[in-house]
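Okay, structure first, notes after.
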Amino acid sequence: MVRCFRSLLKLIPLAVAIVVAAPSMAQEQFNPIGLWEPDNKESRYEFTYCGANGDRLCAELIWIQEDKQDARNTKYLNTYMFKDARHVRLNQWQGTVTLEGFNIGGTVTQSNNDTMQLEACALFVICENIRLRRVQ
């Protein structure tokens, strides 16, 4: 019995360390609201909360680099390219992505305050994976 009690006493520092470290191991909710651009820096998107209750995520195409503008892409200026995305888990939203006029399902995953990944697939065959960086 004494030996069992001593074994339990040896576990107390480990238990205390786990309790103290637990809050720092918790994942952080990042803020997606702001201006974002893809790695090629050819466009910018404004991410905002939207929807009837303000609990959805939307991204509006607000700028296209001047030398990249053409009739095909300027028609999407000031329109939502990602809309009505619902928060499905910590730092992840799923919604509708508009690419080349087609609406397909997409997921935005934010890995830190300044980086997010947009993945959209049509029929699980044609996929687009775009890394976005915060501009402001």
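Any read-out appearing in this document is the output of simple, stated calculations on the displayed coordinates, not a laboratory observation. Computed from a predicted model, the values in this text were never measured in an experiment. Cβ atoms come from the backbone with ideal geometry, glycine included; neighbour counts cover every protein chain shown.
Things to note:
- Restricting GLU119, GLU100 to residues that are surrounded by fewer than 17 Cβ atoms within 10 Å (Cβ to Cβ) and more than 13 Å from the chain's Cα centre (by Cα) narrows the list to GLU100.
- Residue check for ASN129: surrounded by fewer than 12 Cβ atoms within 10 Å (Cβ to Cβ) and assigned to a strand (DSSP E or B): yes
- Qualifying residue in the range 28-47 (condition: of a type in the set (D, E, K, R), surrounded by 12 or more Cβ atoms within 10 Å (Cβ to Cβ) and closer than 16 Å to GLU119 by Cα): yes
- Here the condition is being over 17 Å from TRP36 (Cα atoms), assigned to a loop (DSSP other than H, G, I, E, B) and of a type outside the set (A, V, I, L, M, F, W, C); of GLY95, GLY54, it holds for GLY54 alone.
- For ASP84, the stated conditions do not hold, so it cannot be described as acidic (Asp, Glu) and within 19 Å of VAL135 (Cβ to Cβ).
- The range 48-77, subset surrounded by fewer than 16 Cβ atoms within 10 Å (Cβ to Cβ) and in contact with a Leu (Cβ under 7 Å, 6 or more places away or on another chain), residue nearest to ILE130 (Cα to Cα): LEU77
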